Amino acid sequence: MIDTAKFEFLMVDAAFYMLERGGISIVGGVKLYGNSFYLKGEFSSSGARIIFDLGRRVFWVELSLPKFLQGHNVFGTNRLVVLCREVIERVYGRLGIELSTREWGEIEESGIRLMRLDIACSFRVGSSATVNAVLESLFEHLRAESVKWSAHGAAYTEAVYNRQRSRRVSDKFYNKHRELMENKIHPTVKARDLLMKYAESIVRYEVTFRGAELKSLGLEFADQWNTKVVREIIESRINRLKLTQQFQSSDGFSRPVDLNDSSNMFLDLWLKGADLHVYKTYKTLQRARFTLIDKCGVDVFKAAAPRKCLDLSEILNPENAIFNAPKKLVRQGAIFGFG
């Protein structure tokens with residue numbers, strides 16, 4: 001699904017002449033704050049900031065499209081052009097301008113250019129406890145494989161990030177229900193209780209693309225995005241993680257008799273609670289690790305404490321992901337547009 005977008009679009013003549021005059025307010029009592037004004041949505045008290053540039057004759061805005069249009073971003077649509085057009089229409093409507101067919105044609109010809117885009121999918125894993133276990137296991141897997149990810153959380157892992165502050169592209173898996181407990185769904189949103197129930201068992205995966213990355217991918221304009229593109233990109237990024245079944249803990253395995261001395265030594269250290277991952281560059285340890293994975297089904301780069309056995313390659317398989325929205329929510333009117 002499409003979530004947050006930062007995009008710019010053409011300022012038609014009627015808006016240009018209106019804003020060029022400046023003044024304290026314009027048609028409809030819209031107050032200007034320098035080169036911006038605010039557009040209040042049905043589900044927002046603060047409103048979205050609309051910025052304009054008279055020199056370039058463009059508007060731009062950054063907001064969560066589903067939150068603005070449907071009041072939540074638990075599920076949504078991949079019809080990016082439809083979402084952007086709805087916001088554009090409301091921006092012009094705020095200025096008291098009803099766009100003609102000719103003006104819409106000018107906007108479309110100019111293009112809706114993206115400077116940021118977040119795409120996401122959701123994995124329903126059965127329970128809130130499993131959400132926690134999946135995120136804990138995922139971070140452990142990425143740490144063991146020396147992938148540069150970070151984690152956030154107090155009592156348990158709530159979010160796992162890759163390149164969180166990158167100016168090009170970043171990824172994260174997170175506990176959607178926990179996030180909604182902090183950023184609550186507006187009480188007037190349709191099927192709000194059902195949305196919260198769905199969210200309890202959801203692991204959310206999200207990719208954020210910035211302008212430079214969008215341009216390099218050749219996906220800089222809204223009309224280049226659809227469900228197929230979203231799915232293909234998400235599948236590719238998740239497959240790069242090479243997720244596997246979580247290996248056994250210190251319980252539930254038997255020591256093979258044919259282990260060499262170094263493998264036995266590292267296995268003993270692991271069983272005693274040693275954090276061997278910090279010595280991951282040691283070649284002898286690397287060889288022993290792969291031997292123990294093959295012969296014992298344990299990974300000495302991960303914690304030895306007993307844990308719930310999870311197959312991340314199955315749980316976080318893109319084939320099982322939700323890219324749009326459950327039909328029940330669509331029928332109840334909780335989703336803007338169609339998937």
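The values are calculated or read from the model by the stated rules, or taken from the named source; none is laboratory data. The structure presented is a predicted model; accordingly, all values stated were derived computationally and were not measured. Positions of Cβ are backbone-derived with ideal geometry, glycine not excepted, and every protein chain shown enters the neighbour counts. Quick note on the areas: whole protein, heavy atoms, side chains included, nothing else; ligands and nucleic acids left out. Shrake-Rupley method; radii C 1.70, N 1.55, O 1.52, S 1.80 Å.
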Where a Cα-Cα gap under 16 Å defines reach, which aspartates and glutamates qualify for residue 190, not counting those fewer than 8 residues away within the same chain?
42
Quick check on my link table: of 242/283; 197/228; 172/272, which ones sit more than 25 Å apart, alpha carbon to alpha carbon?
197/228; 172/272
Longest segment of the chain lacking chymotrypsin sites (Phe, Trp or Tyr not before Pro) that sit in a DSSP loop with at most 13 other Cβ atoms within 10 Å
34-281
In the range 58-115, the GluC sites (Glu not before Pro) that fall in loop regions by DSSP, at most 15 other Cβ within 10 Å
98
Residue of 168, 231, 102 that the Gaussian network model of the chain assigns the largest fluctuation, springs spanning Cα pairs under 10 Å:
102
Identify all lysines with a Cα-Cα distance to residue 31 below 27 Å; exclude those on the same chain that are fewer than 8 residues away in sequence.
6, 40, 67
Please name which of 225, 46, 154 has its Cα lying farthest along the dipole of the chain towards the positive end, using unit charges on Cβ (Lys, Arg +1; Asp, Glu -1) and the Cα centre as origin.
154
Mind telling me which of 329, 80, 135 comes out most flexible in a GNM of the chain, alpha-carbon contacts under 10 Å?
329
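Roughly how many Å² is the accessible area per residue of the chain, as a whole number, for a 1.4 Å probe?
49
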